[in-house]
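Each remark here refers to the structure printed beneath this line.
Read the figures in this text as sums done on the coordinates, not as results from a lab. These numbers were taken from a predicted model, which means no experiment stands behind them. Note: ideal-geometry Cβ built from the backbone for every residue, glycine included; neighbour counts use all protein chains shown.
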Amino acid sequence: MARPSHARSRPSLEEDEDEEDPVDAMISRTGCMAQHRELQECMAARQDWRHCQPQVRAFGECMARRQRAEEPHRASGSRQAHPSPAGN
């Protein structure tokens, strides 16, 4: 079964088979690919995101968890990159 994918310009089917969709690659790195795939399948079947709210919420919650998990890394990294001046 063909998997629905993101709309983008596609020069040829042969190239498409060799390249991974950049959005899919990004989502795969988040660990939310299963939720994203379920949402895509619902959208393909129902043709209306409003009928896919459980999948929309599950994907959104997964992405939010990922973002919250990365915030401490970003905060500590930004403090190290821009230390506050001492003695001011």
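Extending 7 Å from the Cα toward the beta-carbon at both ARG37 and ARG50 defines two label points whose distance is 3.0 nm. Summing charges over neighbours of ALA58, with a neighbour being any other residue whose Cβ is under 12 Å away from its Cβ, gives +1 when K and R count +1 and D and E count -1. Working from label points 7 Å from Cα in the Cα-to-Cβ sense, the MET63 to ASP21 distance is 1.3 nm.
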